[in-house]
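Below is one structure, written out as structure tokens, with a few remarks after it.
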Amino acid sequence: MKLGLFTPVFGKLGVKEMLAKVKSLEKIKAIELGTGSWPGSDHVNVDLYLKDKNKAREFRQMIAD
């Protein structure tokens, strides 16, 4: 079984801090990013990534790392 986490629970943290926190929780194997509406998009700037493919690629790489 894989344990995942919905990242808006760390909405007060920036993206890098949220990723570090999730990584420290060694049993977490997957994340789901909030992308708007409820509960918001604290960690994903959807409009930016749709407009700027380089920023989207950087974001994907940050998640993969």
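Where a number appears in this text, it was derived from the coordinates with a stated rule and is not lab data. Small disclaimer: the values here were computed from a predicted structure and weren't measured. Positions of Cβ are backbone-derived with ideal geometry, glycine not excepted, and every protein chain shown enters the neighbour counts.
Couple of notes before you dig in:
- L13 versus L48: modelled label distance in nm, points set 7 Å from Cα along the beta carbon direction: 1.9
- The angle between the Cα long axis of helix 53-64 and the main principal axis of the chain comes to about 10°, on a 0 to 90 degree scale.
- Phi angles of the range 35-45 translate, via the Karplus equation with coefficients 6.51, -1.76, 1.60 and θ = phi - 60°, into HN-Hα couplings of 10, x, 6, 9, x, x, 9, 4, 10, 9, 9 Hz per residue; Gly and Pro are given as x.
- Proximity of backbone amide H atoms, modeled 1.01 Å from N, is registered between I31 and L5 at under 5 Å, excluding neighbours fewer than 5 places apart on the same chain.
- Hydrodynamic radius (Kirkwood) for the chain, which is based on Cα pairs only, to one decimal in Å: 12.4
- Between helix 15-24 and the chain there is an angle of about 20 degrees, using the helix long axis and the longest principal axis of the Cα atoms.
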